[in-house]
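Single-structure report; data block below.
The values are calculated or read from the model by the stated rules, or taken from the named source; none is laboratory data. Not measured: the values here are computed from a predicted model. Using ideal geometry, Cβ is built from the backbone for each residue, glycine included, and neighbour counts are taken over all protein chains shown. Heads up: the accessible areas ignore ligands, DNA and RNA and are worked out on the full protein's heavy atoms, side chains in. Shrake-Rupley method; radii C 1.70, N 1.55, O 1.52, S 1.80 Å.
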Amino acid sequence: MLLNDFEVSKWTASIPYPFLIEDAKNWIDKQNSRDYCYAVLVDNVLIGDVGLYPAKDACFELGYWIGRDYWGGGFATKACQALFGVVKNKISSEKIFATCQMGNSRSEKILSNLGFIKIEEIMSFSKARNKTTACLKYQLKRVDC
């Protein structure tokens, strides 16, 4: 399982480690119930996930993960761009946020390439690490997402 990899889950807030079969069933149910959540596939093989999740104040938070074997291939950036194309006329880009843990230079680069800007440092709980970690919060500033 791609998510039963600490090198993947440690950079997320909500994915536990170890990632057990019961976690997989719950994750699938949760993702299927969301309006803007999509599997990332390469040659019909699941390599990750991308979605916009409702947050407070009518905002959405961007979330994504890609299996380690696929890192560096541009898949997260392309998946996010495709997602933004789907929601272009449905969600204001000024209401899209994202967070990444300090030290996650790959996600920082992805968010910057997508047009996000850093707005603050926050603390967030990581299920995989089982502790609160320092994170960077970003906001999408482009209106042409």
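Things to note:
- Theoretical gain in end-to-end length, residue 44 to residue 117 [0.36 nm per residue, Cα-Cα removed]: 23.0 nm
- Once the Cα gyration tensor of the chain is diagonalised, semi-axes √(5λ) in Å: 22, 18, 15
- Per residue, the chain reaches -7500 deg cm²/dmol at 222 nm when only DSSP H runs of four or more residues are counted, each adding -39500 (n - 2.57).
- Alpha-carbon centroid distance for the pair segment 29-44 / segment 69-120, whole angstrom: 16
- Surface accessible to a 1.4 Å probe, residue 84 within the full protein complex, Å²: 0
- Within a straight-line Cα-Cα reach of under 30 Å, residue 109 can be paired with the following lysines, leaving aside sequence neighbours fewer than 8 residues apart in one chain: 10, 30, 56, 78, 88, 90, 95, 118, 127, 131, 137, 141.
- When the inverse distances between all different Cα atoms of segment 89-145 are averaged and flipped, the Kirkwood radius reads 12.0 angstrom.
- Site pair residue 92 and residue 56 shows an inter-label distance of 1.8 nm when each label is modelled 7 Å from Cα along Cα→Cβ.
- Shape analysis of segment 1-70 yields a ratio of the Cα radius of gyration to the Kirkwood radius, Rg/Rh, of 0.96.
- Positive contributions from Lys and Arg (+1) and negative ones from Asp and Glu (-1), summed over other residues with Cβ under 13 Å from the Cβ of residue 57, come out at 0.
- Amide H contacts under 5 Å for residue 126, placed H, 5+ residues apart: 131, 132, 133
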